[in-house]
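The structure appears below as structure tokens.
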Amino acid sequence: MVRVCRSIFAAGASAGLAAGLASCGPAIVADFNSAEPAARNSAIVKAAAEEDRSKISDLVRMLDSDDPATRLLAIQALERMTGERLGYDPAAGPDQREPAVVRWVEWVRAHPPHPVPPGENPPG
């Protein structure tokens, strides 16, 4: 019970801190193509939260980021949406990450997004 309460407190404190910090500076606009890591990371978090599979190719692009936080968020989002990691390690060096990124690019080619029209349920 104590562990659960601590987790709830930590989550509430994190949410409060995030809300407070949001008012401290300019708003961050989620954008995979932004030069700002915070905007790219926000886009990753948004895509994962919405389970927006149309953003999978953008998430795969983020696996090549110079920013370790961006790489970590991207692989976590991909794993959440696909159930796969394909051997990707966000902490590995560029040469070690490259083969896994290639596997992800191939995965995207083999699994094109199939958008569902608004108001319809996805198949399966």
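The values are calculated or read from the model by the stated rules, or taken from the named source; none is laboratory data. Source: prediction; values computed, not measured. All Cβ positions, glycine included, derive from the backbone under ideal geometry; neighbour counts span all protein chains shown.
With respect to ASP58, is the statement that it is modelled with pLDDT of 95 or more, of a type in the set (Asp, Glu) and buried (at least 17 other Cβ atoms within 10 Å of the Cβ) true? Reasoning before the result, please.
Details: modelled with pLDDT of 95 or more: yes; of a type in the set (Asp, Glu): yes; buried (at least 17 other Cβ atoms within 10 Å of the Cβ): yes.
Spelling it out, ASP58 is indeed modelled with pLDDT of 95 or more, of a type in the set (Asp, Glu) and buried (at least 17 other Cβ atoms within 10 Å of the Cβ).
Counting only helices (runs of 4 or more DSSP H) that sit wholly inside the range 25-98, those with at least 3 residues that are more than 25 Å from ARG109 (Cβ to Cβ) and of a type outside the set (A, V, I, L, M, F, W, C) are 37-49.
Would you please name the residue that is surrounded by the most Cβ atoms within 10 Å (Cβ to Cβ), looking only at residues in the range 33-55 that are touching a Lys or Arg at 6+ places or on another chain (Cβ under 6 Å) and hydrophobic (A, V, I, L, M, F, W, C)? Explain how you work it out, then say what you get.
The first filter runs over the range 33-55 and keeps only residues touching a Lys or Arg at 6+ places or on another chain (Cβ under 6 Å), leaving 34, 47-48.
If we keep only those that are hydrophobic (A, V, I, L, M, F, W, C) as well, we get 47-48.
Details: ALA47: 25, ALA48: 19.
Going through the qualifying residues, I end up with ALA47.
Of all residue pairs spaced 6 or more apart or on separate chains, those with beta-carbon atoms under 6 Å, a first member in the range 40-63 that is over 10 Å from LEU78 (Cα atoms) and a second member that is of a type in the set (Ser, Thr, Tyr) and crowded, with 18+ Cβ neighbours inside 10 Å are ARG40/THR70; ASN41/THR70; MET62/THR70.
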